[in-house]
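I have placed the structure first, in the form of structure tokens, so that the comments after it can refer back to it.
The values are calculated or read from the model by the stated rules, or taken from the named source; none is laboratory data. Quick caveat, the model's predicted, so the values are computed rather than measured. Positions of Cβ are backbone-derived with ideal geometry, glycine not excepted, and every protein chain shown enters the neighbour counts. Protein only, heavy atoms only, side chains kept; ligands, DNA and RNA dropped before computing areas. Shrake-Rupley method; radii C 1.70, N 1.55, O 1.52, S 1.80 Å.
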Amino acid sequence: MDGLMQSLITYMPKHLGIPQTLRCKIITPKGKTSTIRALMDPGSQFTALRKGTAKQLSLNGPKRTLISGTSGAQQLTLPNQRAIEFKLSSLDD
């Protein structure tokens, strides 16, 4: 490249921090409850639940294709996801 020097500037934080999590109660529409640890993501477009937890709580719903926006204006497509209903509550309630 005839004397031209290319450089790449990369930001590497020293401390990535701990994701925000909390212990809370999950409540199904039929009133079944369980204590779980939830990962809080205020920028998320949807709420996800582990398949095993949904099965344990007998949560079931219709299958849907989930389409989510990602960084760089990309899309993430997740076929065959279940649309289920539940509520989260404080452990004090």
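A few remarks follow.
- Under 17 Å from residue 87, Cα to Cα: lysines that are on another chain or at least 8 residues apart: 25, 30, 32, 51, 55
- In plain terms, if you count all Cα to Cα distances in segment 39-82 and split them into 10 Å steps from zero, the share in each step is 23, 48, 26, 4 percent.
- Proximal charge balance of residue 29 [Cβ under 12 Å; K/R count +1, D/E count -1]: +2
- Heavy atoms of residue 88 accessible to a 1.4 Å probe, total area in Å² rounded to 10: 90 Å²
- Derived scalar couplings ³J(HN,Hα) [segment 79-93; Karplus, 6.51 cos²θ - 1.76 cosθ + 1.60; whole Hz; x for Gly, Pro]: x, 6, 9, 8, 8, 10, 10, 6, 10, 10, 9, 4, 5, 7, 7
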